Every structure is written in structure tokens, then in C-alpha cells.
Amino acid sequence: MLPFPMLTTINKAGRVAGPELVRRGERLMARPQAAEGTRPEIDAAHLIEEERDRKPDHPAPLPSR
């Protein structure tokens, strides 16, 4: 499983190939250009747990009164 499935690449002509931006109603969404079978599977629950368990480098300061 790759951590960043929607990577940007540069082809031989120097053009940038990345996700296609598509408008759905008022929202602008990124759509991958890779075929559905070639995209990596993402375990969203695992990513969320990993982020929750991450220890911050510097604890937030306590508010002063």
C-alpha cells in the first residue's frame, strides 16, 4: 500500500501528469487518471488510527489565565 496514491509525474515532453480536476456541483474533486485496477488499495481506518496514535513533537502550551 502506497501512502500517496495520487502522485504527480512528469513525462518525457516535460508535461505534468497528475489527478484530473472535475467539478461535481459546486465542488472541485481530484480524479486519478490511472485505471481502477492499477490504483493501490488504501486502508483509511489504518491511516486514521496511525494519525491518532502519532505523538506530537511539541506539546501544545497551556492557555494562560
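The values are calculated or read from the model by the stated rules, or taken from the named source; none is laboratory data. Predicted model only: the values in this text are computed from it and were never measured. Please note: Cβ atoms are built from the backbone with ideal geometry, for glycine as well, and neighbour counts cover all protein chains shown.
Looking only at the range 32-52, residues that are under 18 Å from Val22 (Cα atoms) and touching a residue at least 12 places away in the same chain (Cβ under 8 Å) come to 2 in all. Pairs meeting the criteria (first residue in the range 6-29 and of a type in the set (Phe, Trp, Tyr), second residue part of a strand (DSSP E or B) and at pLDDT 85 or above, beta carbons under 6 Å, at least 6 apart or on different chains) are lacking. The listed residues are Ala13, Ala30, Ala17, and the only one of them that is surrounded by 10 or more Cβ atoms within 10 Å (Cβ to Cβ) and at pLDDT below 80 turns out to be Ala17.
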